[in-house]
1. Answer with yes or no whether ALA102 is at negative phi, surrounded by 14 or more Cβ atoms within 10 Å (Cβ to Cβ) and modelled with pLDDT under 90.
2. Just one of the numbered conditions (1) in a helix (DSSP H, G or I); (2) buried (at least 17 other Cβ atoms within 10 Å of the Cβ) is not true of ASP32; which one?
3. Please count how many residues of the range 57-81 are among the charged types (D, E, K, R) and at pLDDT 85 or above.
Amino acid sequence: MTSLLSTIFIAFIIIGVLSITSVLPVMLSIRDMYYRHKAAGMLSSSSVARALATAEKRFILIASALFCLVFIPVSGIVLDSEVKKRAGQSFAFWGFFTFNMAIYSYIGQLFMCLVRGPATAQILCSIFIGINNFFSGLIVRPQQMGLVMSVFYNDNRQVIVGQGSDYYDALNCNSISVDGECQVTVSEYVNVFFGGQFSRDHIARNAIILGGILLVVRISTFVALKKLTYSGK
């Protein structure tokens, strides 16, 4: 179960890192092209900002959908026999995965507009990746700090907890164990793993927070394009 949670964490991080690093050289070319056209009075910052906000939208939606279409059944998050039953949770997983991919990609655009060169933008990206990794809910659990999604809500699959587990006492295994092992549901295990901070009620709030982050990033990118001008190639 811990490996499954780690797999989700790694999937989000790897795709996010690929998104933010691959967008930097593309954004550098777009930014320098925009500076030349702005100097000639041929292109406004609002036009470029609008284009950047919409150009990648379809790619992000399709790429995240294709990834989740393979990842969800292969990883074992949802059993093949339960895909239809848990369609809502699979859709929520895709939604948060899409938010993750979009935020990484758009923040890469923002960093490239804020600083002069790609080397400095890469440093900012590395700092963002490190902070995001640390506070995503796995390395530092949400009972200390961080957010998690509730894809395992009401999951009645069984998890075997051994006597040496860190969660043996918290799951009250002393009273239900057989030969030092007890069986609990995935929902119970995940709830204890995340210190009781794992709640389906957080989905709407988390979606609003992520939407707010995207909005701030897009507005900041527009302001950077409008107010900052670096020498193009």
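The values are calculated or read from the model by the stated rules, or taken from the named source; none is laboratory data. What you see is a predicted model; the values in this text were computed from it and never measured. In this analysis, Cβ positions are derived from the backbone assuming ideal geometry, glycine residues included, and neighbour counts consider all displayed protein chains.
1. On the way: at negative phi: yes; surrounded by 14 or more Cβ atoms within 10 Å (Cβ to Cβ): yes; modelled with pLDDT under 90: no.
It is false that ALA102 is at negative phi, surrounded by 14 or more Cβ atoms within 10 Å (Cβ to Cβ) and modelled with pLDDT under 90.
2. All conditions are met except number (2).
3. Step one: filter the range 57-81 for residues among the charged types (D, E, K, R), giving 57-58, 80.
With the extra rule that they be at pLDDT 85 or above, the set shrinks to 57-58.
Selection size over the range 57-81: 2.
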